[in-house]
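A short reminder: the numbers here are calculations on the coordinates, not readings from a lab. A quick note: this is a predicted structure, and the numbers were derived from the prediction, not measured. In this analysis, Cβ positions are derived from the backbone assuming ideal geometry, glycine residues included, and neighbour counts consider all displayed protein chains.
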Amino acid sequence: MKKRILLIGMILISMISYAQVVTAPQDEDAKKLKSTLELLNGAEVVMDVDTNLYPKLEGMSYFSEDEKAGIVPMVVPASFEKMKEDLEKQKDQPGVEILEQTAKEIGGKKLLVLKQRINREGVPYINMIFCERNTDESTILISTFYEESKERIYEATINKAIISAKIKS
């Protein structure tokens, strides 16, 4: 009888020890998640933006005076690879036409680009999403929009902002 109790006790102790080893990777994942969330909460994306075209600053976002054009940067808690998968899944929807869906280099930076035409109250707008690798667990995402008829006005300044975008240290 004593041997059975001892055997059961040893099995329980070994199971408890094993369970602690299994939870260690979860602790590691929790640390990564906490680190990523801290990065996201404190992350400020800075970039060189033409304040003549985008005079309104709200947080890190820049808007034209009439708010018909804007540049909105953020850091998202998703890997570059995950963002690529998500952007590749985007399809045309009513009122939204995908014009470009690619990975390309702009100013020496490897970026994911999604360019869409969106109709707002009968006026065609261009919405572009640029994604740049930040860390293994986060991506800098910059969304821009403007009236399609004014693309030539905004294109160069958007590229300049995208090229200069970085996390403020």
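Computed from the C-beta positions of residue 56 and residue 106, the FRET efficiency with R₀ = 22 Å rounds to 0.35. Applying the criteria of a DSSP loop state and at most 15 other Cβ atoms within 10 Å to the trypsin sites (Lys or Arg not before Pro) of the stretch 66-123 yields 68, 89, 91.
Out of every Cα-Cα pair in the stretch 130-169, what percent are more than 15 Å apart?
On the way: 365 of 780 pairs.
Of all Cα-Cα distances in the stretch 130-169, 47 percent exceed 15 Å.
Considering all alpha-carbon pairs of the stretch 70-146, what whole percent are spaced by more than 17 angstrom?
Values: 1332 of 2926 pairs.
That fraction is 46 percent.
Among the GluC sites (Glu not before Pro) within the stretch 103-169, those in coil by DSSP and having at most 11 neighbouring Cβ atoms inside 10 Å are 121. Rounded to the nearest 20 debye, the dipole magnitude of the stretch 72-169 is 320 debye, with +1 charges on Lys and Arg beta carbons, -1 on Asp and Glu beta carbons, and the Cα centre as origin. The modelled label-to-label distance between residue 68 and residue 96, using points 7 Å beyond Cα along the C-beta direction, is 2.3 nm. Under the combined filter of DSSP loop state and at most 11 neighbouring Cβ atoms within 10 Å, the stretch 50-94 retains these GluC sites (Glu not before Pro): 65, 67.
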